[in-house]
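One structure is given here, and the rest of the page talks about it.
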Amino acid sequence: MTGKTSNQMWGGRFASGPDAIMEEINASIDFDRKLSAQDIEGSLAHVAMLADTGIVSGDDRDRIVAGLNTILSEINAGTFTFSRQLEDIHMNIESRLADLVGPAAGRLHTARSRNDQVAVDFRMWVRAELEKSVAALGALMAAFLDKAEEHADTVMPGFTHLQTAQPVTFGHHCMAYVEMFSRDRSRMRDALARLDECPLGAAALAGTGFPIDRHQTARALGFSGPTRNSIDTVSDRDFALEFLSAAAICGTHLSRLAEEIVIWSTPQFGFVRLSDAFSTGSSIMPQKKNPDAAELVRAKTGRINGALIALLTVMKGLPLAYSKDMQEDKEQVFDAAATLELAIAAMTGMIRDLQVLPDAMRHAAGAGYSTATDLADWLVRVAGLPFREAHHVTGQAVALAEEKGCDLSGLELADLQSINDAITDDVYSVLSVEASVASRTSFGGAAPDEVRRQITWWRKHL
């Protein structure tokens, strides 16, 4: 009876009582096995340094190196047995190494701690993810450049407040995303530069009395040098926070793009058509073609944002140096990295396959009196009106066009001169959407030639 009550207290999942609960909360091997390659790489660099500095013998080094390479082969082949009783990836590998090489395995952990070991493993893993993100964003930018070049002359409405504002081109709109994703790529590169210090050798928190060579291990692991403060080294997760921050901003850009694709692909807009590869049908409505890939990219941004907030919350109250709370630093980073990688790949595919519908874009660009600003500019530039007066005159012209049921270019010259007699028939040279777009020749403007100039610049610098 007592045993049954005890088991009920601990819950059915924890049949053996508090020991099972402690194992469940303490073990990290279920997720930190992702660090196995980095853990072995760090150990290989560490034991090579230990031998070179005379801390371990060459024979022990060779045994350990052979054992670690065997373990790496077993993990890659899927034959390695991960044990939750051994808590984490470090102890799982160390235990297997002891099985393979005997007492020599115990020398590997000389002059290091699991604190600096996990710091270097995690830092190398994040470094690899940042490098993948940089490459993936480059591919997305290249897809946009191709689409922009193809549609440098394709007129579409530009929007503010999702209301028709001024005519632009689809190429110019695409180049806006090139700029946005270039900043994401730049943030990833900046993050790479800041994590380019090696934690190995900081030990538990105070360094070590062994005559280790931290510069050697840093070089071996591809870092520019070792970290400079052992306390900060084992308690720092800035590199992971910075990755998540950059990922969250990038996810926001992807979500904004996804939102536009969802809107543009509706029958009400009809600006673009998604390929079948990135769409689904409805189980009940045969006419439907749903932009599910774009919608999922939009939604997955929430996962990345959540990961950032989770890790910020874990770290916000931790005193120096290491605390077990920091075991909670990895799962959200792993999830965010996989989510971002998938979202960028999906968006790159969508943009490459996207079918643009120029007629619908051109029709929409001419609606909503989108050349009103061109009329105001003409009144300032040619008729010599102050801009505020030109703005007022243009408003009257828009009201008249609305009353007559036409766009501005459909107004008779007499109609326009009834509002202001300084208007001449030259005004019609700016009232078409094509003329409006062509006039935007300022650096970074929407004129097709300027769009092509920016495309050329980006192709050279990408």
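Summary of computed values
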{"read-out": "Residues being over 21 Å from the mean Cα position of the chain (by Cα) and of a type in the set (A, V, I, L, M) - total across the stretch 104-155", "value": "10"}
{"read-out": "Filtered residues of the stretch 316-333 (kept if closer than 16 Å to residue 123 by Cα and either in contact with a Ser or Thr (Cβ under 6 Å, 6 or more places away or on another chain) or assigned to a loop (DSSP other than H, G, I, E, B) (or both))", "value": "322, 327, 330"}
{"read-out": "Selection count where residues are in contact with a Ser or Thr (Cβ under 6 Å, 6 or more places away or on another chain), touching a residue at least 12 places away in the same chain (Cβ under 8 Å) and of a type outside the set (Val, Ile, Thr), scope the stretch 287-306", "value": "6"}
{"read-out": "Residue selected from the stretch 425-443 under the condition loosely packed, with under 14 Cβ neighbours inside 10 Å and modelled with pLDDT of 90 or more, by the criterion nearest to residue 179 (Cα to Cα)", "value": "443"}
{"read-out": "Matching entry among 313, 339, 301 (being in a helix (DSSP H, G or I), polar (S, T, N, Q), at pLDDT 95 or above and loosely packed, with under 15 Cβ neighbours inside 10 Å)", "value": "313"}
{"read-out": "Candidates 115, 69 - the one that is out of contact with any Leu (no Cβ under 6 Å at 6 or more places or on another chain), touching a residue at least 60 places away in the same chain (Cβ under 8 Å) and part of a helix (DSSP H, G or I)", "value": "115"}
{"read-out": "Residue in the stretch 204-213 that is outside any strand (DSSP E or B), crowded, with 22+ Cβ neighbours inside 10 Å and at pLDDT 95 or above present", "value": "yes"}
{"read-out": "Sole residue being more than 20 Å from residue 118 (Cα to Cα) and either under 36 Å from the mean Cα position of the chain (by Cα) or in a helix (DSSP H, G or I) (or both), chosen from 59, 39", "value": "59"}
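Residue by residue, here is whether (1) part of a helix (DSSP H, G or I); (2) closer than 24 Å to residue 269 by Cβ; (3) open to solvent by 20 Å² or more (accessible area, probe 1.4 Å) holds:
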{"residue": "374", "(1), (2), (3)": "yes, yes, no"}
{"residue": "379", "(1), (2), (3)": "yes, no, no"}
{"residue": "391", "(1), (2), (3)": "yes, no, yes"}
{"residue": "396", "(1), (2), (3)": "yes, no, yes"}
{"residue": "401", "(1), (2), (3)": "yes, yes, no"}
{"residue": "450", "(1), (2), (3)": "yes, no, no"}
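The values are calculated or read from the model by the stated rules, or taken from the named source; none is laboratory data. No experiment lies behind these values; they were computed from the predicted model shown. Neighbour counts are summed over all protein chains in view; Cβ atoms, including those assigned to glycine, are modelled from backbone coordinates with ideal geometry. What goes into the accessible areas is simple: the full protein's heavy atoms, side chains included, and nothing from ligands, DNA or RNA. Shrake-Rupley method; radii C 1.70, N 1.55, O 1.52, S 1.80 Å.
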